[in-house]
Amino acid sequence: MNNLVCLSGGLDSAVILADLVARNISVTAIHCYYSHPASTAEDWHASRLCKRLGVDLIKTEIRPPKSGIMTGGADPVVTHRNVLILAAACAEATARNIDQVLIGATAEDNELFADCRAEFFAAFNAMQRSIGGPQVAAPLLHSKKSDIHSIALELGIEPNDTWSCYNPLASHNRVRPGWLPCKNCLSCAVRGEL
């Protein structure tokens, strides 16, 4: 089975990608750029991880309506973000004869984000079946961030390999060029608990 991982540049999707690579399972990654404060940092981390793991990376752009973090507010919810990411990923997967698309939704995500819930993925897969498209899997859907962090370390994914901040600050750091985590957003709070 061929797989396409929606790679945000964050920890969850990095773990899915690294796990498939470690098990020698055929995988390609896709990164969907969209205009929000952390877009460039996420893109940089996704690209760097794929290069390190020897995985081909498809880059595309989505255009969700301006909402949540895209407006400079604290609300992390970007309207229909995962709908657009999965639509783009499934279209690429279909064009490349890839059987399955994987996304890094987690147990904590489904509390806040409607498009990270089991019901959402069931409905999306029903739609995909109706058009003969690839199925979507969320293998971390029932996993907690602390467990995912442990798996990441086992797979050799270090904190600096991924990006988890919605509002990065400017930096001249050579390890993470151009960005420092804000330490105030929801994503930084969750990462700080790990």
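Equivalent ellipsoid semi-axes for region 1-79, as square roots of 5 times the alpha carbon gyration tensor eigenvalues: give them largest first, rounded to whole Å. Walk me through the numbers before you get to the answer.
Details: eigenvalues 134, 25, 24 Å².
After scaling each eigenvalue by five and taking roots: 26, 11, 11 Å.
Would you mind checking which residues have amide H under 5 Å from residue 135's amide H? H placed 1.01 Å from N; only 5 or more apart, or other chain.
HN-HN under 5 Å from residue 135: 101.
At a 1.4 Å probe, what is the % contribution of carbon and sulfur to the accessible area of the chain? Please list the in-between numbers first.
Details: 4990 of 9580 Å².
Roughly 52 percent, rounded to a whole number.
Averaged per residue, what accessible area in Å² does region 95-153 show with a 1.4 Å probe, protein chains only?
On the way: 3030 Å² over 59 residues.
Computed with neighbouring chains in place, this is 51 Å² per residue.
How big is the antiparallel share of DSSP beta bridges in the chain, given as a percent to the nearest 5? Each step should come with its number before you reach the end.
Numbers: 1 of 16 bridges.
Here the share of antiparallel DSSP bridges comes out near 5 percent.
With only alpha-carbon pairs counted, each pair once and no self-pairs, how large is the Kirkwood hydrodynamic radius of region 76-194 in angstroms? Numbers along the way, then the final one.
Working: mean 1/r = 0.0622 Å⁻¹.
Computed over region 76-194, the radius equals 16.1 Å.
Based on the alpha carbons, how large is the Rg to Rh ratio for region 1-156 when Rh follows Kirkwood? Please list the in-between numbers first.
Working: Rg = 14.7 Å, Rh = 15.7 Å.
Rg/Rh for region 1-156 comes to 0.93.
Where the Cα atoms of region 51-126 are projected onto their three principal axes, how long is each span, largest first, in whole Å?
Its Cα atoms span 37, 28, 24 Å along the three principal axes.
The values are calculated or read from the model by the stated rules, or taken from the named source; none is laboratory data. In this text the structure is predicted, and so the values were computed from the model without any measurement. Surface areas here come from the heavy atoms of the whole protein model, side chains and all, with no ligands, DNA or RNA. Shrake-Rupley method; radii C 1.70, N 1.55, O 1.52, S 1.80 Å.
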